[in-house]
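Nothing in this text is a laboratory measurement; each read-out follows from the coordinates by a stated rule. Predicted model, so just to flag it, every value in this text is computed and none were measured. Neighbour counts are summed over all protein chains in view; Cβ atoms, including those assigned to glycine, are modelled from backbone coordinates with ideal geometry.
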Amino acid sequence: MASLPPLSVVVTGAAGAIGYSLMPMIASGQMFGEGRKIDLRLLEIPAALDRLQGTVMEIDDGAFNLAKLTATADVEVAFKDVDIAIFVGGFPRKAGMERKDIQINARIFVSQAKALEDFAKKTVKVLVVANPANTNCLSLMIGAPSIPRENFSCLSRLDLNRSRSQLCQKYRELHPESDVTAGEIVNAMVWGNHSSTQYPDVSHCVIQTAEGPVKARDAFDDAWLDGDFMSSVQKRGGAIIKARGASSAMSAANAACNHMRDWIVGTDECVSMGVCSDGNPYGIPEGLIYSFPVTCEDGKWKIVPGLPIDDRSKGLMLASAAELVKERDSVNEMLSAPAAAE
Ligand code: NAX
C-alpha cells in the first residue's frame, strides 16, 4: 500500500512551555496517528531561536518518525504549503490578568493571518491556543479569507477536560468504591469563550459507572453543579497560575493533542471545540469563534444539533457570546487606532 505523504505541521511559539510539551505528542504520532510521517516546522521570534535550538536537539534525540524538522523565524518557511497550523505563540497571562487582557497578542495574529493567507494550503486546518484564543482565531479567520471558515478552530478542550476531571473526582469522593475515570464522563460540554464566562454545561452529561449510566444532574447536588463546579472550571487556569507561578502548559498541550486528533481521526462521542458560529442552531450571533459541542467525521466538525436548552443555559450561552462580541469590537478598535497608540 502506498504510504501517505508527510503531513506538514507548523507550531508557532515552539520554544515556549506549551510548545515544549507538544513536541513529543506530535512527533511520536499521538496527535496524527502512528506511522504518519511529519514535516515539522517550528516558528519563533528571532530572540527565541537559540532557545528553540535546544528543543530541536531534544527532538533529534527522540529519534522520532519525522520526515523533516525546521526551526525558523521566517513565516514563509514556516507556513509554506502547510497542512496543519497550531498557533501557540504569544504572551501568556500573568497572575491577576484575564485572558482578554493580553491585547498584544492581537497584533501577532493579524500579521500571522497574512502569512497563513499567503503561504498555507487552502485546506490547512488551524488550531489557536494562544489567548484570547477565540478572538485570536477570529483575527486569523478574517485575515485569511481564502481559507474556508470551517478550517479555523480554537481550543476549548482544556475546559472540557477540566470539567470531566472535576466531575470524576466528585463522583469518586461520593462513591469511594468507584473507579470511574474522566474518560467515562460523557456528553459534558463547554459553550462560549475560553474565559471566565464560559459555560461548562452538564445538562446532557452522563457518568458511565460500572452499574450503568447515571445522569450528572442525578449524581450531584444542583447547588454544587451550578456553584463550585462551574466556578472551579471557569477559574481553573487562574488557580494553576497561582499554584505553579506559570500558566497551564502540559494539560494545554494534551488538550491540543486531543482536539487535533479528534478533528482528523474522528470522534465517537461529543467533544467541545471553538468554531465559527455561522449558521449555528442555538441562536448564537454569527461571525464569532464560539465553543460548541461537536462531533467530527472525515476531517470535518459538526455542531451537535437538537439539544434541548433551558432558559438558564440560554442566558449563560448568550452572556459568553456577548463577551466575545465585545472582544471582537475592541480588537477592531485597537487595530484601526494609529500605531502610536500601541
Ligand atoms: P510561553 O511564554 O512559554 O511561550 C510562548 C512562546 O511564543 C514564546 O517562546 C515566545 O517567544 C513565542 N512567541 C511570541 N510571539 C511570537 C510570534 N509572533 N511568533 C512566534 N512565536 C512567538 O507561553 P505558553 O505557556 O507556551 O503559552 C502560550 C499561549 O497559550 C499563551 O497565550 C497562553 O495564554 C495560552 N494558553 C492557552 C490555553 C487555552 O486553553 N487556550 C491554556 C494554556 C495557556 O494559558
By residue number, which cysteines of the chain lack any other Cys whose Cβ falls under 4.7 Å from their Cβ?
Cys168, Cys205, Cys257, Cys270, Cys276, Cys296
Roughly how compact is the chain, stated as its Cα Rg over 2.2 N^0.38 Å to two decimals?
0.98
If segment 162-208 were replaced by its equivalent ellipsoid, with semi-axes equal to the square roots of 5 times the Cα gyration tensor eigenvalues, what would those be, largest first, whole Å?
22, 11, 8
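Would segment 194-279 count as rounded, prolate or oblate if I go by the C-alpha gyration tensor, calling it rounded below 1.5 in a/c and otherwise prolate when a/b exceeds b/c, oblate otherwise?
It is oblate, given that a/c is not under 1.5 and a/b is not larger than b/c.
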Net charge around Ser153, counting only other residues with Cβ within less than 12 Å of its Cβ (Lys, Arg = +1; Asp, Glu = -1)?
+2
Karplus ³J(HN,Hα) for segment 28-44 (6.51 cos²θ - 1.76 cosθ + 1.60, θ = phi - 60°; Hz, whole; x = Gly/Pro) runs 8, x, 5, 7, 10, x, 5, x, 7, 6, 10, 9, 9, 10, 10, 9, 9
Find the eigenvalues of the gyration tensor of the Cα atoms of segment 229-336, then list the square roots of 5 times those eigenvalues as equivalent ellipsoid semi-axes, largest first, in whole angstrom.
23, 22, 16
Which one, Ser28, Met250, Thr70, projects farthest toward the positive side of the charge dipole computed for the chain from Cβ point charges (K/R +1, D/E -1)?
Thr70
Could you tell me which of the pairs Lys37/Lys302; Lys302/Lys326; Lys125/Lys302; Lys37/Lys121 are separated by over 20 angstrom between their Cα atoms in the structure shown?
Lys37/Lys302; Lys302/Lys326
Sum -39500 (n - 2.57) across every DSSP H segment of at least 4 residues in the chain, then divide by the residue count to get the 222 nm mean residue ellipticity, nearest 500.
-12000 deg cm²/dmol
So, counting K/R as plus one and D/E as minus one, what does the shell of residues with Cβ under 10 Å around Arg236 add up to?
+1
Determine the shape class of segment 106-167: with a ≥ b ≥ c the square roots of the Cα gyration tensor eigenvalues, call it rounded for a/c under 1.5, and otherwise prolate if a/b is greater than b/c, oblate otherwise.
prolate
5 angstrom amide H check on Val294, placed H, neighbours 5+ away
Val271, Ser272, Met273, Val304
Once the piece of chain linking Ser111 and Glu297 is laid out straight, how much longer is it, given 0.36 nm per residue of separation minus the C-alpha distance between them?
63.8 nm
So for each of 180-190, 295-305, 263-273 I average, over its residues, the number of other beta carbons within 10 Å; can you give me the resulting order with the highest mean first?
180-190, 263-273, 295-305
Report, ordered by chain and residue number, the lysines lying within cross-link reach of Lys215, taken as a straight Cα distance under 16 Å and ignoring same-chain residues fewer than 8 apart.
Lys170
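When DSSP beta bridges are limited to those with both residues in the chain, what percentage is antiparallel, rounded to the nearest 5?
Values: 22 of 45 bridges.
Taking every DSSP beta bridge with both residues in the chain, the antiparallel ones total about 50 percent.
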Based on other C-beta atoms within 10 Å, arrange Lys326, Lys125, Lys80 from fewest to most.
Lys326, Lys80, Lys125
With charges only on Cβ, +1 for K and R and -1 for D and E, what is the dipole size of the chain about its Cα centre, in debye, rounded to 20?
500
For a label point 7 angstrom out from the Cα of Ala67 toward its Cβ, which stretches of segment 1-36 have the backbone nitrogen within less than 16 Å?
2-11, 27-29, 32-36
By the gyration tensor of its Cα atoms, with a ≥ b ≥ c the square roots of the eigenvalues, what is the shape of segment 105-242: rounded for a/c under 1.5, prolate for a/b over b/c, or oblate?
prolate
Can you run phi through the Karplus equation (6.51, -1.76, 1.60; θ = phi - 60°) for segment 149-154 and list ³J(HN,Hα) in whole Hz, with x for Gly and Pro?
4, 5, 8, 9, 8, 10
What order, most packed first, do the peptides 210-223, 239-252, 107-120, 15-28 have when packing is the mean number of other Cβ atoms within 10 Å of each residue?
15-28, 107-120, 239-252, 210-223
